[in-house]
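Report on one structure; see the data block that follows.
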Amino acid sequence: QVQLVESGGGLVQAGGSLRLSCTAPRLIFSFNAMGWYRQRPGKQRELVGAFHGKGPRYADSVNGRFTISIDHGQNTMYLQMSSLKPEDTAVYYCMSRLPREYWGQGTQVTVSS
């Protein structure tokens with residue numbers, strides 16, 4: 001059974017930084033189809049950033065502040081979040097589009113003003 005497991009969420013002040021991690025089986029990384037989504041309170045789940053082709057693409061709302069990277073040796077994908085804003089408060093999910101959709105359980109990020 002394929003499991004994606006997020007970690008690293010928590011409470012941070014506005015302007016601060018946080019790094020989320022997502023571990024998954026090595027096979028999942030080989031498809032180069034992973035990404036991060038989030039669900040803000042009262043909102044639908046939305047894309048944060050995902051790998052398409054050579055490198056990740058980001059939502060406009062996080063571009064320049066968030067960075068996705070992968071450590072293939074550790075089978076881990078990261079979401080480095082900087083200059084956090086209260087509106088970044090959400091449950092963050094890692095996922096893979098291939099070989100079919102897999103989702104993690106989510107990790108809560110709360111940004112206080």
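The values are calculated or read from the model by the stated rules, or taken from the named source; none is laboratory data. Note that the coordinates shown come from a computational prediction; the quantities given were computed from them, not determined experimentally. Cβ sites come from the backbone with ideal geometry, for glycine too, and all protein chains shown count toward neighbours. Just so you know, the surface numbers come from the protein's heavy atoms only, side chains and all, with ligands and any DNA or RNA stripped out. Shrake-Rupley method; radii C 1.70, N 1.55, O 1.52, S 1.80 Å.
Of all residues in region 10-40, which are among the hydroxyl-bearing types (Ser, Thr, Tyr) and either free of Cβ contacts under 8 Å to residues at least 12 places away in the same chain or open to solvent by less than 30 Å² (accessible area, probe 1.4 Å) (or both)?
Those that are among the hydroxyl-bearing types (Ser, Thr, Tyr) and either free of Cβ contacts under 8 Å to residues at least 12 places away in the same chain or open to solvent by less than 30 Å² (accessible area, probe 1.4 Å) (or both): Ser21, Ser30.
Report yes if Ser61 is in contact (Cβ under 8 Å) with a residue 40 or more places away in the chain and small (Gly, Ala, Ser), otherwise no.
Working: in contact (Cβ under 8 Å) with a residue 40 or more places away in the chain: no; small (Gly, Ala, Ser): yes.
When the stated conditions are applied, Ser61 does not pass them.
Would you mind stating whether Ser83 is on the phi > 0 side of the Ramachandran plot, in contact (Cβ under 8 Å) with a residue 40 or more places away in the chain and open to solvent by 60 Å² or more (accessible area, probe 1.4 Å)?
In short, yes.
Looking at Gly53, Gly64, Gly42, Gly104 in this structure, which one is out of contact with any helix residue (DSSP H, G or I) (no Cβ under 6 Å at 6 or more places or on another chain) and modelled with pLDDT under 95?
The match here is Gly53.
Any idea which residue in region 41-57 is nearest to Thr110 (Cα to Cα), counting only those that are of a type outside the set (A, V, I, L, M, F, W, C) and open to solvent by less than 60 Å² (accessible area, probe 1.4 Å)?
Selected residue: Glu46.
What residue, among those in region 58-79 that are of a type outside the set (Asp, Glu) and surrounded by fewer than 14 Cβ atoms within 10 Å (Cβ to Cβ), is farthest from Leu4 (Cα to Cα)?
The selected residue is Gly64.
So which pairs qualify, if the first residue must be in region 100-113 and over 17 Å from Gly35 (Cα atoms) and part of a strand (DSSP E or B), the second must be modelled with pLDDT of 95 or more and hydrophobic (A, V, I, L, M, F, W, C), the Cβ gap must be under 7 Å, and the two must be at least 6 apart or on different chains?
Once the first residue is over 17 Å from Gly35 (Cα atoms) and part of a strand (DSSP E or B) and sits in region 100-113, its partners that are modelled with pLDDT of 95 or more and hydrophobic (A, V, I, L, M, F, W, C) give Thr110/Leu11; Val111/Val12; Val111/Ala14; Val111/Leu84; Ser112/Leu11; Ser112/Ala14.
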